[in-house]
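Written below as structure tokens is the structure these notes are about.
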Amino acid sequence: MLIVSACLAGLNTRYDGKGCIDEKVYKLIKEGKAIPVCPEQLGGLSTPRCPSEICGGTGCDVLDRRARVITSDGRDVTENFVRGAYEVLKLAKAVRAKKAVLKAKSPSCGWGSVYDGTFTGNLIRGNGVTAELLMREGIDIESRG
């Protein structure tokens, strides 16, 4: 079983209330091979919501309490992102997921690169909060979209 970002399955879970369907991910859902998750919703954030970025580091730094996740209007949503990451991890363990297919660049799901916290579209090397947590727990990550 795979864990996949819900927005990649076409669900309207992104911050802007839209999805960004990836046909391969959608097919995995239809075949019963994947479970869609949205860490931000599982962490208690609404949809739509203000965009968020990691300020002062990456998902690694957020988990280690050296960085925060902040919305474009200045609200600190770090605890929502951390709570959502741990909820995804619980689900991944429950279904014995060995792999996750996650939304690229997201402060939750991004793997390999995330936005730099300036809300200017600049990217830095690193992972989102959920991607980092899953990786630490031995789950392989693939980035899409």
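The values are calculated or read from the model by the stated rules, or taken from the named source; none is laboratory data. Not measured: the values here are computed from a predicted model. Here the Cβ positions follow ideal geometry from the backbone for every residue, glycine too, while neighbour counts run over all protein chains shown. Just so you know, the surface numbers come from the protein's heavy atoms only, side chains and all, with ligands and any DNA or RNA stripped out. Shrake-Rupley method; radii C 1.70, N 1.55, O 1.52, S 1.80 Å.
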Conditions (1) farther than 18 Å from Ala131 by Cβ; (2) among the small types (Gly, Ala, Ser); (3) over 14 Å from the mean Cα position of the chain (by Cα); number of the one not met by Ala34: (1)
Which residues, taken from segment 64-75, are open to solvent by 30 Å² or more (accessible area, probe 1.4 Å) and not in a strand (DSSP E or B)? Asp64, Arg65, Arg66, Ser72, Asp73, Gly74, Arg75
Segment 29-52, subset of a type in the set (A, V, I, L, M, F, W, C) and assigned to a helix (DSSP H, G or I), residue surrounded by the fewest Cβ atoms within 10 Å (Cβ to Cβ): Ile29
Any idea which of Glu137, Glu142, Glu132 is at pLDDT 95 or above, surrounded by fewer than 22 Cβ atoms within 10 Å (Cβ to Cβ), acidic (Asp, Glu) and touching a helix residue (DSSP H, G or I) at 6+ places or on another chain (Cβ under 8 Å)? Glu137
Total residues in segment 89-111, condition open to solvent by less than 80 Å² (accessible area, probe 1.4 Å), over 17 Å from Cys20 (Cβ atoms) and part of a loop (DSSP other than H, G, I, E, B): 2
Candidates Tyr86, Tyr26 - the one that is crowded, with 18+ Cβ neighbours inside 10 Å and not in a strand (DSSP E or B): Tyr26
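For (1) farther than 20 Å from Gly121 by Cα; (2) modelled with pLDDT under 95, each residue gets a yes or a no:
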{"site": "Ile3", "(1), (2)": "yes, no"}
{"site": "Arg14", "(1), (2)": "no, no"}
{"site": "Gly19", "(1), (2)": "no, yes"}
{"site": "Val25", "(1), (2)": "yes, no"}
{"site": "Gly56", "(1), (2)": "no, no"}
{"site": "Asn80", "(1), (2)": "yes, no"}
{"site": "Gly84", "(1), (2)": "yes, no"}
{"site": "Lys93", "(1), (2)": "yes, no"}
